[in-house]
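The values are calculated or read from the model by the stated rules, or taken from the named source; none is laboratory data. Please read all numbers here as calculations on a predicted model, not as lab measurements. Neighbour counts run over all protein chains shown; Cβ positions are idealised from the backbone, glycine included.
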Amino acid sequence: MSGQSHTRSLGFALIAIPILFLAIAWLQTRIDVETRTIAQQKEELLLRSGPLLKKLSLGYDSLLADIYWTRAVQYYGGRVGNAGEKFELLWPLLDITTSLDPKLIVAYRFGAIFLSEPAPMGADRADLAVELVKRGVAANPDDWRLDSDLGFLYYWHLKNYPEASAAYLEASKKKDGPVLMKMMAAEVAAKGNSFSASTAIWSEIYDTAQDPAVKKNAFQHLQSLQAQQDLLALDKYAEDYRRRNGRYPTTTRELYESGVLSGVPLDPAGIAYIFGSDGKAQLDPNSSVILDKPSKRSPR
């Protein structure tokens with residue numbers, strides 16, 4: 001590079017850096033103004049593009065990310081709990097922060113909480129929280145905590161149990177990912193009545209666990225899952241029996257004797273299932289099987 005070109009580049013940097021930080025100072029001042037219209041709020045983020053700011057930062061992108069993250073926290077903290085608050089600038093601030101520094105884990109984790117919490121404690125935008133955390137997972141593929149956060153968002157806020165289970169399972173595969181994540185994946189899959197997925201995960205936990213307590217827990221869940229599937233099937237057989245006979249069966253032996261079943265069905269503990277007065281299949285009270293996550297079964 002010629003001396004003249006070097007001088008021009010240096011001169012540009014000396015001019016651009018002060019301008020950039022003056023713009024940030026102006027932005028911070030504007031954000032702190034409490035009385036504003038929606039139009040004024042939008043004007044606060046004239047530099048809304050994270051990629052553009054990254055180019056203009058001249059290597060100070062991590063510093064700028066810290067500044068924007070601080071502003072995001074201050075913005076949220078100054079408005080949380082206010083009735084009718086829309087948190088209009090929260091997503092843009094988080095978007096810019098994580099564009100400037102994709103490795104700033106705290107911005108993804110706490111930013112997702114700010115976005116997903118219902119009003120007035122948050123923006124009530126679980127969809128944006130998911131987008132933010134997915135961005136974090138892509139930029140930090142080895143951090144199991146982000147997959148765990150994604151699982152929580154799908155489970156708690158969106159009630160999307162298959163996606164929640166998949167996220168927890170992915171967390172368990174990451175370096176240092178605790179076995180608890182795999183357990184969560186199995187339990188959430190069962191909650192969504194994905195018995196095959198839940199059974200596969202609990203079976204893997206049972207086969208690979210070294211801790212006797214973990215192994216016992218997995219075994220109990222496998223028993224529970226098998227029992228849940230049996231009960232659902234027996235409910236269907238009982239309904240068919242009612243249509244043909246005008247009443248529900250009182251015992252599973254009735255189903256066997258009527259030719260519906262090839263034998264008297266036993267639960268995983270070896271005890272016959274029973275029917276309640278409402279015609280619903282149940283575990284015998286003497287059974288050791290524990291239905292800690294019972295499946296959704298339609299009431300009679």
* Structure fact -> Taking first residues from the stretch 219-235 that are within 24 Å of Tyr248 (Cα to Cα) and second residues anywhere that are charged (D, E, K, R) and outside any helix (DSSP H, G or I), the pairs with Cβ under 6 Å that are 6 or more apart or on different chains are Ala227/Asp267
* **Answer residue from the stretch 57-88, given it is part of a loop (DSSP other than H, G, I, E, B) and among the aromatic types (Phe, Trp, Tyr) and is farthest from Ala126 (Cα to Cα) among those** => Tyr60
* Out of the stretch 197-210, which residues are more than 16 Å from Leu225 (Cα to Cα) and touching a residue at least 12 places away in the same chain (Cβ under 8 Å)? -> Ala209
* Check on Ser198, crowded, with 20+ Cβ neighbours inside 10 Å, touching a Ser or Thr at 6+ places or on another chain (Cβ under 9 Å) and over 30 Å from Phe275 (Cβ atoms) -> no
* Within the stretch 106-129, is there a residue that is in contact with a Gly (Cβ under 7 Å, 6 or more places away or on another chain), at negative phi and of a type in the set (S, T, N, Q)? -> yes
* Asked: Does Ala138 satisfy the condition of being under 22 Å from the mean Cα position of the chain (by Cα) and either crowded, with 22+ Cβ neighbours inside 10 Å or farther than 25 Å from Phe152 by Cβ (or both)?
  -> no
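Scanning the stretch 265-300 for residues that are among the basic types (Lys, Arg) and either exposed (fewer than 13 other Cβ atoms within 10 Å of the Cβ) or touching a Phe, Trp or Tyr at 6+ places or on another chain (Cβ under 9 Å) (or both), which turns out modelled with the lowest pLDDT?
Going through the stretch 265-300, the residues among the basic types (Lys, Arg) turn out to be 280, 293, 296-297, 300.
Of the ones still in play, those that are also either exposed (fewer than 13 other Cβ atoms within 10 Å of the Cβ) or touching a Phe, Trp or Tyr at 6+ places or on another chain (Cβ under 9 Å) (or both) are 280, 296, 300.
Details: Lys280: 93, Lys296: 52, Arg300: 45.
Among them, the one singled out is Arg300.
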* With respect to Arg247, determine if the residue is among the basic types (Lys, Arg), surrounded by fewer than 14 Cβ atoms within 10 Å (Cβ to Cβ) and not in a helix (DSSP H, G or I). => yes
* Asked: Quick one: how many residues across the stretch 199-216 are over 17 Å from Ser165 (Cβ atoms) and part of a helix (DSSP H, G or I)?
  -> 8
